[in-house]
1. Being among the hydrophobic types (A, V, I, L, M, F, W, C), farther than 22 Å from P29 by Cβ and in a helix (DSSP H, G or I) is true for just one of A68, A98, A57. Which residue is that?
2. From (1) under 15 Å from the mean Cα position of the chain (by Cα); (2) at pLDDT 95 or above; (3) assigned to a loop (DSSP other than H, G, I, E, B), pick out the condition that doesn't hold for I33.
3. Here's a check for you: in the stretch 47-97, which residue that is among the hydrophobic types (A, V, I, L, M, F, W, C) and touching an Asp or Glu at 6+ places or on another chain (Cβ under 8 Å) is surrounded by the fewest Cβ atoms within 10 Å (Cβ to Cβ)?
4. Check A109 against each of (1) more than 18 Å from the chain's Cα centre (by Cα); (2) surrounded by fewer than 18 Cβ atoms within 10 Å (Cβ to Cβ) and name the one condition it does not meet.
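The values are calculated or read from the model by the stated rules, or taken from the named source; none is laboratory data. All figures in this text were calculated on a predicted structure; none of them were measured in a lab. Ideal geometry is used to build each Cβ from the backbone, glycine not excepted, and the neighbour counts take in all protein chains shown.
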Amino acid sequence: MGTTALMVLALGAGGCSRQETAAAQPPHPGEAIYLRSCFSCHASGTAGAPKVGDAEAWAVRIEKGRDALLATTIEGILPAMPARGLCSDCTDEQLAQAIDYMIVASQPAPDDAAK
């Protein structure tokens, strides 16, 4: 049997022994709002916006509570963040979902939390 055939058999057998990974999680309900209206500032930290994924920057805000974050989002933070962020057509619930998404995405990695 040729080397190529042996490699194909070995790779195929290895693939059969793998366990199926868990089904992909459905997207967070706030992800679409985040991508549409929050990403432009919170992905890069524009004008002091806490970057999504920066656990330290978000920890201070999370300590204030979700209701305080929502109120700040609705009212805005002058001069940088306009009222309702960049989503003037979002409902309060949609803004809350976007906040929840950013909070979840900004939690420390399990390895970081153990330190």
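1. A57
2. (3)
3. Residues of the stretch 47-97 that are among the hydrophobic types (A, V, I, L, M, F, W, C), as a first pass: 47, 49, 52, 55, 57-60, 62, 68-71, 74, 77-78, 80-81, 83, 86-87, 90, 95-96.
From what's left, touching an Asp or Glu at 6+ places or on another chain (Cβ under 8 Å): 55, 70, 74, 83.
Details: A55: 15, L70: 17, I74: 14, A83: 12.
Among them, the one singled out is A83.
4. (1)
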